[in-house]
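The values are calculated or read from the model by the stated rules, or taken from the named source; none is laboratory data. No experiment lies behind these values; they were computed from the predicted model shown.
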Amino acid sequence: MVCQYTNEWSSCLSYLGNGLSKIIEAELWVIGLTLAVAIKKSETLQMHDVKIVAVLSDSQATIR
């Protein structure tokens, strides 16, 4: 997951285990992780007047 705040970028790594995860599982994990970070940082987002958090994915199976 990569986030941009003003002109700065930050990244977050997450361990998915040592087994082979299906692509859809990895996509869902990243979307969930992104939403969890947004919720955790909600006070900071509100303080900076952020009203929308967009999660982008090109995985049709995950979007459905």
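Within the stretch 44-59, which residues are of a type in the set (A, V, I, L, M) and assigned to a loop (DSSP other than H, G, I, E, B)?
Val50, Ile52, Val53, Ala54, Val55, Leu56
Here is a yes/no grid of residues against (1) at pLDDT 80 or above; (2) not basic (Lys, Arg):
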{"position": "Met1", "(1), (2)": "no, yes"}
{"position": "Ser11", "(1), (2)": "no, yes"}
{"position": "Glu27", "(1), (2)": "yes, yes"}
{"position": "Glu43", "(1), (2)": "yes, yes"}
{"position": "Lys51", "(1), (2)": "yes, no"}
{"position": "Val55", "(1), (2)": "yes, yes"}
{"position": "Ala61", "(1), (2)": "no, yes"}
